[in-house]
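**Student:** Before I ask anything, let me first share the structure, which is written out below as structure tokens.
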Amino acid sequence: MSTPERLIEATQELLWERGYVGTSPKAIQQAAGAGQGSMYHHFAGKPDLALAAVSRTSAEMRETAGRLLDGPGSAYERISAYLLREREVLRGCPVGRLTMDPEVVASDALRAPVDETIGWLRERLAGILQEGLDAGEFAPGIVPRELAATVVATVQGGYVLARASGSADAFDSAVRGLLSLLAPHARHARHATTDRPA
């Protein structure tokens with residue numbers, strides 16, 4: 001792995017673990033096995049390196065979520081796959097966690113990839129929910145964009161509750177509750193079939 005790659009990867013891990021304020025250039029250099037001169041040869045400083053790391057983390061999150069949301073199955077099955085995927089719940093969301101860092105929130109550059117990723121996720125979920133609504137899979141009257149925001153809020157809030165309690169149970173319970181609310185009801189499926197013109 002090249003030195004810039006090692007530095008970015010080390011910064012990704014440290015930002016996830018310690019946040020921006022808690023991640024020092026020295027800690028990054030030690031984790032990457034790179035000297036100070038090498039770090040500053042490739043990056044202008046900590047903000048520049050952090051931006052590369054945040055952008056990479058955001059892109060990886062979009063890729064992971066995209067694989068599940070674009071996979072096979074009904075709208076409900078794809079959203080379920082996203083919600084039930086394997087996660088390091090007690091570490092928190094590597095992207096969402098950055099929103100709690102005052103230095104990140106205060107920086108337009110650092111906040112942009114985080115905001116874009118959360119916005120992308122909401123839009124992608126809204127699109128899938130609309131597909132399910134059009135197919136008669138979900139209860140008539142749901143508002144896909146609002147429900148998509150609820151899915152994102154449940155995941156992010158689930159991480160916070162799990163970290164606060166020191167147990168993934170809080171996250172799992174929130175996800176199960178949301179899935180039970182989203183679950184297509186036989187009644188709706190029956191109406192969708194009988195209401196369809198022949």
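**Student:** Taking just the alpha carbons, could you work out the radius of gyration and Dmax for segment 57-152, both in angstroms?
**Tutor:** Using the Cα atoms of segment 57-152, the pair Rg, Dmax is 14.5, 45 Å.
**Student:** Are there DSSP H segments in the chain that both extend 24 Å or more along their axis (alpha-carbon positions) and score a mean Kyte-Doolittle hydropathy of at least -0.5? List them, or say none.
**Tutor:** Numbers: long enough: 46-69 (34 Å, -0.11); 108-134 (38 Å, -0.18); 144-165 (31 Å, 0.52).
Helices meeting the criterion: 46-69, 108-134, 144-165.
**Student:** For segment 58-121, what is the accessible area per residue in Å² when the probe is 1.4 Å? Could you put the intermediate results ahead of the total?
**Tutor:** Working: 3190 Å² over 64 residues.
Roughly 50 Å² per residue, with all protein chains present.
**Student:** Still on this structure, please answer the following. Along each of the three principal axes of the Cα atoms of segment 34-93, give the extent in whole Å, ordering the values from largest to smallest.
**Tutor:** Extents along the principal axes: 52, 24, 16 Å.
**Student:** So, R0 is 25 Å and r is the distance between the beta-carbons of residue 86 and residue 173; what FRET efficiency does that work out to, to 0.05? Write out the running numbers ahead of the final one.
**Tutor:** Working: r = 17 Å, r/R0 = 0.68.
Given R0 = 25 Å and the Cβ-Cβ separation, E is 0.90.
**Student:** A further question follows. In nm, what is the difference between 0.36 nm times the number of residues separating residue 2 and residue 38 and their Cα-Cα distance? Mind dumping the intermediate values first?
**Tutor:** Working: separation 36, 0.36 × 36 = 12.96 nm, distance 1.12 nm.
Roughly 11.8 nm would be gained on extension.
**Student:** Compute log10 of I(q)/I(0) for the chain with the Debye formula, placing one identical point scatterer on every Cα and leaving out solvent, at q = 0.10, 0.12 Å⁻¹, to two decimals.
**Tutor:** -0.50, -0.67
**Student:** Extending each Cα 7 Å along its Cβ direction at residue 26 and residue 59, get the distance between those two points in nm, one decimal.
**Tutor:** 3.2
**Student:** Here's something else I'd like to know. Choose one answer from 168, 34, 44: the residue with the largest mean-square fluctuation in a GNM of the chain with alpha-carbon springs under 10 Å.
**Tutor:** Top of the fluctuation ranking is 44.
**Student:** Additional query: Considering the options 121, 58, 151, tell which one lies farthest towards the positive end of the dipole of segment 23-179, charges being +1 on Lys and Arg and -1 on Asp and Glu at the Cβ, about the Cα centre.
**Tutor:** Positive-end residue among those listed: 58.
**Student:** Ignoring ligands, DNA and RNA, what percent of the accessible area of the chain is carbon or sulfur (1.4 Å)? Numbers along the way, then the final one.
**Tutor:** Values: 5610 of 10290 Å².
Ligands and nucleic acids excluded, carbon and sulfur reach 55 percent.
The values are calculated or read from the model by the stated rules, or taken from the named source; none is laboratory data. It should be emphasised that the depicted structure is a prediction, and the values quoted were computed from it without experimental measurement. Note: ideal-geometry Cβ built from the backbone for every residue, glycine included; neighbour counts use all protein chains shown. Ligands, DNA and RNA are excluded from the accessible area calculation, which covers all protein heavy atoms including side chains. Shrake-Rupley method; radii C 1.70, N 1.55, O 1.52, S 1.80 Å.
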